[in-house]
Amino acid sequence: MPTDPVTSLEETLDLIEQEALNAAEVDWTRVRAECRALAASAQTPADTYPALRHALSALNDHHSHLRLPDAGTTHRGLLGVYYTRGVVAFVFPGSPAALSDIRPGDRIQRVQGKPVGDGVNDGLPPNLVVTLEVERAGKRRVLALTRTEVPVVPPEPQGHLAAPGVGLVTLPDCDLEGLLADGTPYEERVRGLLLDLAAQGANRWVVDLRRNLGGNMWPMLAGIGPLTGEGELGAFVGRAERWSWRYEGGAALVGEEVMRRVNGPVLPALSGDRPVAVLTSPLTASSGEILALSFVGRQGTRLFGEPTRGLTTSNALYDLPGGAALLLTTAQDADRTGQVYTGPIQPSVTLLTDWAEFQTPQDPVLNAALAWLADS
């Protein structure tokens, strides 16, 4: 017999209390009572979602969240803009922001009539209609954007020679399935990029994570692993346990368990002193930060850009009735030296990204990385 929604809610609350990293900081007697009230008339699994979101917000880890059943195919309630310090960094194709001709480098001066702060999407409310005051080249527009549903189109890894002998690999976020729009596994695209660039003479590398919003770390790591080097690259540190993540010969592993493996020949792993520049920004988040940490402590690596988002904790996925899933923060992240992170990853060289010049010859972060590589 199917479990009724209220019973399922209780079981899920048990799971959160048992597994969440911050569970000990929550008054569960109060929170459970509030969740039961929110789900008192629940008839379907979806009717319990407000209660589950309430329980997750009580953890105050800023990372645990509920994944809706269609999250892999549809962006719900999307405006489609990411900005930091008020400067637009990225616009989702086909989104309300894109259709309103908002572009990277535009400056958002006000949201709902209020000045914008320094954080990522600072001050952006959950309202259905959001008013933005946007400036470009000294001209201002007031736009009313309506949140909508937009099909998910997975962003694709890219690569090219940024200078003679320097391969630039851009790693965007990776969805939970780890597949690109044409069905190609994410890691296979990255594997091919590395081999192609090495065949063109690349022996020094730039890994651009500035637009990596997170997602599934394992395809990303399996693909880029030849540049991180082999062996233990970091660890998840839970309340009572520690699990290392590793790269070995085309495979990304946690402990001894292979999580993702490429299916063809791979670039041999670089020696630890071979130079690799890693680029970060405040958009670099979650699994994007884990990828950055996979390079931290490597002798030949230097990080350029801005501090990352600060979601340096790890989520475990638990399937729920009705097709939803719980992404629950269960551990902190540590680099290969054992340092545990509780906030943003700090770059070696701090520079602001000029989002209007992202990966152009005028990109200050990329240029600093290239100058370092030229001297390495």
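Just one of Ser281, Ser287, Ser271 is among the small types (Gly, Ala, Ser), more than 21 Å from Gly238 (Cβ to Cβ) and under 22 Å from the mean Cα position of the chain (by Cα); which is it? I'd like the intermediate steps shown before the answer.
Numbers: Ser287 fails: more than 21 Å from Gly238 (Cβ to Cβ); Ser271 fails: under 22 Å from the mean Cα position of the chain (by Cα).
Exactly one of Ser281, Ser287, Ser271 is among the small types (Gly, Ala, Ser), more than 21 Å from Gly238 (Cβ to Cβ) and under 22 Å from the mean Cα position of the chain (by Cα), namely Ser281.
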Residue under evaluation Pro307, criteria (1) under 20 Å from the mean Cα position of the chain (by Cα); (2) in a helix (DSSP H, G or I), criterion not met: (2)
Reported set for segment 231-248 where residues are touching a strand residue (DSSP E or B) at 6+ places or on another chain (Cβ under 9 Å), loosely packed, with under 15 Cβ neighbours inside 10 Å and part of a loop (DSSP other than H, G, I, E, B) is Arg239, Glu241
Answer yes or no: is there a residue in segment 367-376 that is touching a residue at least 12 places away in the same chain (Cβ under 8 Å) and polar (S, T, N, Q). yes
Hey, does segment 340-348 have a residue that's more than 19 Å from Thr280 (Cβ to Cβ), surrounded by fewer than 17 Cβ atoms within 10 Å (Cβ to Cβ) and out of contact with any strand residue (DSSP E or B) (no Cβ under 9 Å at 6 or more places or on another chain)? no
Turns out the strands (runs of 3 or more DSSP E) fully within segment 37-136 with at least 1 residues that are more than 26 Å from Pro344 (Cα to Cα) and of a type in the set (Val, Ile, Thr) are 74-78, 129-136
Mind checking which residues of segment 341-365 are acidic (Asp, Glu), touching a residue at least 24 places away in the same chain (Cβ under 8 Å) and part of a loop (DSSP other than H, G, I, E, B)? Asp354
Of all residues in segment 72-84, count the ones that are surrounded by fewer than 18 Cβ atoms within 10 Å (Cβ to Cβ) and either under 26 Å from Leu132 (Cβ atoms) or touching a strand residue (DSSP E or B) at 6+ places or on another chain (Cβ under 9 Å) (or both). 4
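Hey, does segment 205-226 have a residue that's more than 19 Å from the chain's Cα centre (by Cα), in contact (Cβ under 8 Å) with a residue 12 or more places away in the chain and part of a strand (DSSP E or B)?
Pass one, segment 205-226, residues more than 19 Å from the chain's Cα centre (by Cα): 205, 226.
Next, only the ones that are in contact (Cβ under 8 Å) with a residue 12 or more places away in the chain stay: 205, 226.
Still in the list and also part of a strand (DSSP E or B): 205.
Yes, segment 205-226 has at least one match.
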Residue set Ala331, Ala324; condition closer than 18 Å to Asn22 by Cβ and buried (at least 18 other Cβ atoms within 10 Å of the Cβ); output residue Ala331
Given (1) part of a loop (DSSP other than H, G, I, E, B); (2) at negative phi; (3) surrounded by fewer than 16 Cβ atoms within 10 Å (Cβ to Cβ), where does Glu149 come up short, assuming only one miss? (1)
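For segment 294-304, how many residues are in contact with a helix residue (DSSP H, G or I) (Cβ under 8 Å, 6 or more places away or on another chain) and in a loop (DSSP other than H, G, I, E, B)?
In the first step, residues of segment 294-304 are kept if they are in contact with a helix residue (DSSP H, G or I) (Cβ under 8 Å, 6 or more places away or on another chain); the result is 294-295, 298, 302-304.
Pick out the ones that are also in a loop (DSSP other than H, G, I, E, B) and you get 294-295, 298.
Selection size over segment 294-304: 3.
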Residues satisfying the stated conditions in segment 203-216, i.e. surrounded by 24 or more Cβ atoms within 10 Å (Cβ to Cβ) and aliphatic (A, V, I, L, M): Val206, Val207, Leu209
Count of residues meeting criterion [under 22 Å from Gly214 (Cβ atoms) and in contact with a Pro (Cβ under 7 Å, 6 or more places away or on another chain)] in segment 115-146: 1
Of all residues making up segment 288-332, the number that are aliphatic (A, V, I, L, M) and farther than 27 Å from Arg85 by Cβ: 9
Given (1) touching a Leu at 6+ places or on another chain (Cβ under 9 Å); (2) crowded, with 16+ Cβ neighbours inside 10 Å; (3) part of a loop (DSSP other than H, G, I, E, B), index of the condition Leu291 fails: (3)
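All of the numbers you see were taken from the coordinates with simple rules; none came from a lab. Since we're looking at a predicted model, the values are computed, not measured. Note that each Cβ is placed from the backbone with ideal geometry, even for glycine, and that neighbours are counted across all protein chains shown.
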